[in-house]
Structures are given as C-alpha cells and as structure tokens.
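Only one structure is covered here, and it is reproduced in the block below.
Values quoted throughout were computed directly from the atomic coordinates according to the rules given, and no laboratory measurement underlies them. Bear in mind the structure is a predicted one, so any value in this text is a computation, not a measurement. Cβ sites come from the backbone with ideal geometry, for glycine too, and all protein chains shown count toward neighbours.
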Amino acid sequence: MNVPSPNGNRAHAVLAALVLGSAAVAIALDWTSFGQQFDKYAYDFLFRLEQPKPWAPNSVILEIDERTLEKYGGMANLRTALADGLERICTAKPAAVAIDLILAEPSVPQVDQRLEQAFAQTHNLVLPAYVMPDARWEEPIPQFRKYAVAIGQVHADFDQYDSVSRDIPLAKAAGQVRRWALALEVFRVVKGADILESPNDLTVGTVRIPSRDRDGRVMRIRYAPVAMGGVPRVSVYDLDARPQLAELFRGKAVFAGVTAQATGDRALTPYSNSVAMPGIEMNANVYETLAQGMFLVDVSVVSVILSCMLLAGCAGFIFSFLSGRFANTAGICLIVLSQALPAVAFRRSIVWPWLPGTLTATLALAAAASWRHLLLRRALAAAGAEKTRYQKAMQFVTHEMRTPLTAIQGSSELISRYSAMPEAKRKQMAELINSESKRLARMIETFLSVERLSAGEMEMKHERFPVTELVERCTERARPFAERKQIAIEISTLPPGHLSGDRELMEYAVYNLLTNAVKYSPANTRVRVFGEDDKGGRIRLSIEDQGIGMDKKEVGRIFERFYRTKRAEQSGEVGTGIGLSIVEQIVAQHGGAIQVESEPGKGSRFTLLLNRAS
C-alpha cells in the first residue's frame, strides 16, 4: 500500500536522495583497491564458470621440462637443448617460431654456434627482449638477432595483490624504443600484415584487437579452456625419443621455452588452483586469444554508472509502490538481477564489474526499506495521535451532548410531574427544552456535515447571493458573542458582486471563522472583515483578529479534523477542532481556497478566495 503523507513530494525526494546516494557510494567503493580486487575475484569465478567451447589450437609449445634438463645436464645446457629441439621441428615447417629464453649474453662458442645454426634453419624466427630495471632493453646478441624477423617483448601484467596474470600489455616502451608483445609479433608474422594503430584498437590484417592506447594497450588473455587441456606441449626429451612428434608442429606457431619449475618463470591464472603457469605457455595463450579473435572487452564506465542508477531507481520504486512480501520478493529479484548482469555480459565477451551493481542493489534496497519503515512508523504514529484526538473529541462531544439532554430530560420530567405548575414556569421549561434540543440538533448536524462532506455525499444548492449580505448576516449573528468579550467587529470595504453556491454552507463557513476570531482574541480588541477583487475573477474575503496567533507548523495542521493548537487548548476555550475542517471542505466544494497568515501573539488572518458568480 502507499503510505498517505501530506508531504508526499518531500518524502519521495528523500527516497530518491537515499537510493542515488547508495549508488554513488557503491561506485566510489568500486574504484578503490578493495573494490577492484573484489571485481577481479568475480572475474576469475566467471572465467572458470563461462568457459568457451574447445577449439583446434593454432600453436604448440616446444618445452624444456624437467626431464629435458636432466638429460642435457641442467640449466647450463639450455641452448644445446633448444638447438636440438629446433633442428627436429624445422622439417615440419612451422608457421613461425618464438623463443622465450635469455639470449643477451654469449655462452660457450661451440654452443652458441650450434644454436646459431638452428636459428638459421628456423622459418619466421621471433626472439625476445626484456626491459631491465634501469629502463633499457636487453636484446639477443647480434649473433642470434640477425636471423630474427621480429623482436617481441615478454612482459606479463601481474596483479600486485594476488600475482594473477589476467591480461598483458601488447606494447612496452623503454627509453625511445617501444616493442610489441612476443605473441603479437608472431601473430603479425603469421598473418603477413602490419600492425595498424588507432586510439581504441590495433588491427592486424582483418583482425581488430580491442586495446586502448590510454590504458597501455592492455589486452585480457582468453586462456584455453580446461576441457581443451590447454595449448599442446611437446618436450625436447620426447622429440629425441620420438622424432615423429615433429609433425605436430606443421603449420603451427611454435613457442619454445622452459617449463621446468626450477626456473621460476611462472604465474597464476584465473584457472589456477595454486598451480602456476609457465611464461612460455602464457605467451601461447595470448597468441590463441589473437588467432581465435576471442577478445574480452571491458564495459564503459558510463554504462556501469547508468546501470547502477537504474538499479537504485528500481529499489526506490519497489519500496515506494510495493509492501510486504511483494516488496521483499521484488527486492530479492533485483539482487539476483544485479548478480546475473555480469554473468550475462561475460557470455557476450563483455567484462562487467561485479561489485558496483551488487553493492548498489543491496545498499539501495536497504535504504529504501529503511525509508519505508520510517514512513510507516510515522504514519502509524500520526494515526495513533489522530485516534487519540478523535477519542478525546468524542469524549468532549459526548459530554457536551449530555448537557442539553440532561436539561431536556429534567425539564420534561418537571412538566409531566407537576400538573399544577404555573403557566409562566411551564413556558420557561418549554423554551428551555426547545433551545436545548436545537443546540443538540446543531451539534449532530455539524458532525454529520463533516462525514458527508468527507465522503462527497453532501448535495449543495446553487444559489446566487450578494457578498455584502453574506458578511452582514454572519456578523450580526456573531456580534452578541463578541459584545460579551467587549470585542468590536468591523466591516471594511467589501467588493461588489455576487457569489454562487450554497448560501447556508457559506454562512456556516464565514460565521465559524468569525466566532473563532472572537473566541481566541482577548477582550477589548477588534475583529476586522474586509475584501477585494482578485485576479482571475475571484473575490478575496478576509477575517483578521488580534488574537493568540499560531506558528508555521500549527498553520499547516489547523485544517485536520480534531486538531487544536496548544495555545487554543491553553486558552480555556472549549472546542472540538472540527470547525475549520468543515470550513475548508465547504470552500473546496465551491471551487475556492483558504489562505492563512498568522504569527504567535499577533493574531491571524483567514482569507477566502471565492469564485464570483457569472
């Protein structure tokens, strides 16, 4: 249900501020290192959950594993093992061969000569380069470099918190030299095309690689799925034992390097369960990402912000228009939606951060639910206060009705009991019965009028009557009451013309305002009635007193049924607090309005804006 509130726009403005503030907090937290790390954990989870279908790999790893190192006598003979492996696969004519070994220093001349011969036989050789701590490139020695068609950098992008490699910089600069990633150079060589740059991507042949220049040309790595078993690996040891394995390298991009754990060239991946992946295998996965065109693209910041605002708006809508189990069910659905959004986006190769949406939905729902709870508590408190006022008013009315009923009952009993009562006394009793019964009838009629006007069941007459006549009749009725308090009622200038509507109801409204002005004014003051023409063909009729007045908060509530201000209750004047409610409804039924100006201790001015009769 909707909670009725006299300040509905203000309440909904508060709700909007709460939910949008929740979205702002969620977005701000996502930009912190804490939030970024949460998004990375969610990314890894989705990476494992939404694995692509296995594909036929375009690359093969020529690995120097533990068995190969053992056979060749350890790390000192890496170049010899690499030379043997390259010589065995060259007959299969691989599309390109990338080397990920340190070749920046000379070794034993015979060993380097043997490796040089192997490089000379290798088609489309790509050699590695490293950036040293002093920001200079460490490149292969000229003896090897002269056989390379390209030099590629082999720097991975490791997360500083968990050492997981989720992406790779496709470009790396040091000094005045910038180099492309090893796998990208291999891809360019295999494609036989140049690398074309734009601010948001790179293009190799017909393949567009999303990689923004302002982000350092970083590309997310789409690692081969577990079901595929990763990129195929063939060790030099196995090639020596089974030369026929060389056919596995035919037409493929070959990545040659060390996979033995002793070298330490390893990193964790989203698939890892504390088992690191060799660097050469990571380069092969980068190549597979390029060759398959399976790029993961980050969603724009604007889209994330807009989605958070939409989620926050939905949370506000839920608790603004729903309640109970419907609101709770809708809230749960909204949280599920915030969780599903990153998963659905990931299926479409879009990386959508997990934290901002989830946090926005949670915080906004909590804020909206709290708002709803406080609004309900306020409404219940108001309803309880109104009920208390109603009960007090009914007690007062019951007491007031008991007085004329007692008088009527007592007088009628006296008349019936004493048949020999003097005629003058009998007449006095009859007049008392008549006046008290009329008083009781007026009380009942007043309460009935409130209910009938509230329900819209009261039929109004449509009469035409002068403004001056209306004011004069009401003033004459109120004057005796005013004279008892030595209060003067003055009629100033009144606008000419007529009003249209129910004369009796309008007289009740004006008379009520006059008697209220007298009732709450001290002795020896005055009440002034005046009017003027208003814009739009209306008449302004004002009743001004020099009474106790009201503050702004009280002015906002005086038309509530059974409401009485503290000053009115302390004045000692009796009342039910329903007269002004009836006046407001009468004026509204006539298409008019009431304006109130008041200040504590300086009196009040009630102004009726009434439509002039045509």
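Here are a few things to note about the model shown:
- Lys, Arg +1 and Asp, Glu -1 on Cβ, resulting dipole of the stretch 463-611 about Cα centre, debye, nearest 20: 380 debye
- Placed amide H near Met277: partners under 5 Å, 5+ positions off or other chain: Ala267, Leu268, Thr269
- Spin-label pair Glu569/Arg426, simplified geometry with 7 Å Cα→Cβ offset, distance in nm: 4.9 nm
- For peptides 81-91, 278-288, sequence by mean Cβ density within 10 Å, most packed first: 278-288, 81-91
- At R0 = 51 Å, FRET efficiency that the Cβ-Cβ distance of Val302 and Ser163 yields, to 0.05: 0.95
- Distance between modelled label sites at Ser198 and His373, nm, 7 Å Cα→Cβ extension: 5.2 nm
- Theoretical gain in end-to-end length, Lys602 to Arg178 [0.36 nm per residue, Cα-Cα removed]: 144.3 nm
- Calculated [θ] (222 nm, deg cm²/dmol) that DSSP helices of n ≥ 4 give over the chain, each run adding -39,500 (n - 2.57): -16500 deg cm²/dmol
- With the simple spin-label model, which puts each label point 7 Å out from Cα in the Cβ direction, the Lys535 to His498 separation comes to 2.8 nm.
- Ordering Leu46, Gly74, Leu20 by Cα displacement along the dipole of the stretch 5-136 toward the positive end leaves Leu20 in first place; charges were set at the Cβ atoms of Lys, Arg (+1) and Asp, Glu (-1).
- Gyration tensor verdict on the stretch 463-611 (Cα atoms; rounded if a/c is under 1.5, prolate if a/b is larger than b/c, oblate otherwise): prolate
- Whole-number percent relative contact order across the stretch 53-293, with pairs defined as alpha carbons under 8 Å at least 6 apart: 31 percent
- Entry for semi-axes √(5λ) of the Cα gyration tensor in Å (calculated from the structure that is shown) out of [x] 98, 24, 18; [y] 41, 29, 27; [z] 42, 30, 22: [x]
- For the stretch 521-533, backbone phi angles converted through the Karplus equation (6.51, -1.76, 1.60; θ = phi - 60°) give residue-by-residue couplings of 10, x, 5, 6, 10, 9, 10, 10, 10, 8, x, 7, 6 Hz, Gly and Pro being listed as x.
- Note on Phe321 and Arg250: with the Förster distance fixed at 51 Å, the Cβ-Cβ geometry gives a FRET efficiency of about 0.15.
- Using C-alpha pairs below 8 Å separated by at least 6 residues, the relative contact order for the chain is 13 percent.
- Remark: the Trp55-Met132 segment gains 24.0 nm on full extension, using 0.36 nm per residue and subtracting the alpha carbon distance.
- The stretch between Ser412 and Ile350 holds 13.1 nm of extra length on full extension. This uses 0.36 nm per residue minus the Cα-Cα distance.
- Taking packing as the residue-averaged number of other Cβ atoms within 10 angstrom, the listed peptides 46-56, 330-340, 180-190 run from highest to lowest as 180-190, 330-340, 46-56.
- Working note: Karplus 6.51/-1.76/1.60 with θ = phi - 60° gives the stretch 217-232 the couplings 6, 7, 10, 6, 8, 9, 5, 4, x, 4, 4, 7, x, x, 6, x Hz, where Gly and Pro are set to x.
- Rel. contact order, % - alpha carbon contacts under 8 angstrom, at least six apart, the stretch 119-199: 26 percent
- Among beta bridges identified by DSSP and lying wholly in the chain, the antiparallel ones come to about 60 percent.
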